[in-house]
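Trainee: Next up is a structure, given as structure tokens.
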Amino acid sequence: MRGFTLIELTVVVIIVGVFAALAIPQVTLQLRDRRVREAALRVAQIYQQARMRAAGQGGAVMVRYDQTDQGSFETVDALAGIVVDTLNNCPELPSVSCTRTDWTNAANKQFRSMETVAFAAQPGYADIYTQLTQHGGSPGTYMELCFTPVGRAFVRYTATEQWKAIQGVPQIAVARAPSGDFSKAEGLVRNVLILPTGLARLAL
């Protein structure tokens with residue numbers, strides 16, 4: 001006499017099902033946005049770790065960003081390498097200079113790749129893309145950012161141009177963008193700001 005009827009139980013089950021169906025799209029969106037935020041935090045962490053690595057080991061550290069394949073970040077150490085001077089017997093010693101290191105000619109052995117993070121190869125990042133805005137506000141697809149042991153940061157946007165001290169704020173946008181088209185980005189676009197001090201953080 002005090003129990004529920006079959007009709008009442010059926011109505012409750014239907015109501016719960018309707019609310020669950022309404023909540024699923026929002027929950028899915030929240031999970032996707034969290035993955036984008038995690039990816040943006042990973043980008044900021046790459047630059048922060050490179051800056052700390054330069055200070056900790058006493059040698060220049062460069063992060064090479066390439067927008068190809070959704071975005072890849074390669075961390076590279078500067079080495080003394082094979083040179084005709086007193087350091088010739090210690091090619092593995094860190095080099096302190098961003099501007100005098102030969103970052104392109106592997107034969108001189110003046111750099112060593114330490115880590116590469118490619119979004120296309122990261123689990124869960126299949127549809128997450130990155131996009132570069134240079135410190136002058138122009139779009140770009142390539143950036144090399146180098147940190148010295150004393151905390152200075154240098155930037156260039158091709159592998160052949162001269163290094164320049166950062167004076168503006170380059171930023172890397174991270175979003176769930178179909179085929180890399182940020183005009184059709186789904187959900188929030190997260191921006192990683194690289195300050196003139198070399199510090200990297202997410203924009204508010």
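The values are calculated or read from the model by the stated rules, or taken from the named source; none is laboratory data. None of these values were measured; they are calculated from a predicted model. Heads up, the Cβs are rebuilt from the backbone with ideal geometry, glycines too, and the neighbour counts pull from every protein chain shown. The area values use the complete protein model at the heavy-atom level, side chains included, leaving out ligands, DNA and RNA. Shrake-Rupley method; radii C 1.70, N 1.55, O 1.52, S 1.80 Å.
Trainee: For residue 11 and residue 55, what is the calculated FRET efficiency with R₀ set at 45 Å and r taken between the beta-carbons, to the nearest 0.05?
Mentor: Rounded to the nearest 0.05, the efficiency is 0.10.
Trainee: Let me ask something additional. Taking 7 Å along the Cα-to-C-beta vector as the label spot, tell me the residue 184-residue 104 distance in nanometres, rounded to one decimal.
Mentor: The answer from the label model is 3.6 nm.
Trainee: Still on this structure, please answer the following. Can you pull the percent of the chain's accessible area that's carbon plus sulfur, 1.4 Å probe, other chains left in place? List each step's numbers first, then the result.
Mentor: Working: 6820 of 11770 Å².
About 58 percent, which is the carbon plus sulfur part of the accessible surface.
Trainee: Through the Karplus equation 6.51 cos²θ - 1.76 cosθ + 1.60, θ set to phi - 60°, convert the phi angles of segment 97-107 into ³J(HN,Hα) values in whole Hz; use x for Gly and Pro.
Mentor: 9, 7, 7, 9, 7, 8, 8, 10, 8, 5, 5
Trainee: At a Förster radius of 22 Å, what calculated FRET efficiency corresponds to the Cβ-Cβ distance of residue 197 and residue 118, to the nearest 0.05?
Mentor: Details: r = 27 Å, r/R0 = 1.23.
After rounding to 0.05, the efficiency reads 0.20.
Trainee: Between residue 90 and residue 35, how many nm apart are label points set 7 Å from Cα along the C-beta direction?
Mentor: That separation, rounded to one decimal, is 4.8 nm.
Trainee: Now for a different question. Let me have the 222 nm mean residue ellipticity of the chain computed from DSSP H runs of 4+ only, each contributing -39500 (n - 2.57), with the sum over all residues rounded to the nearest 500.
Mentor: Taken over the chain, the calculation gives -9500 deg cm²/dmol.
Trainee: So what is the accessible area of the chain per residue, in Å², with the probe set to 1.4 Å?
Mentor: Per residue, the chain has an accessible area of 58 Å².
Trainee: Return the long-range amide H neighbours of residue 118 (sequence gap of 5 or more, or a different chain), with a cut-off of under 5 Å between placed amide H atoms.
Mentor: 73
Trainee: Still on this structure, I have one more. Is the C-alpha gyration tensor of segment 103-167 telling us rounded, prolate or oblate? Criteria: a/c under 1.5 is rounded; beyond that, a/b larger than b/c is prolate, otherwise oblate.
Mentor: Oblate, since a/c reaches 1.5 and b/c is not below a/b.
Trainee: Under 10 Å, Cα contacts only: if you run a Gaussian network model on the chain, which one of 187, 81, 17 comes out with the highest mean-square fluctuation?
Mentor: 17
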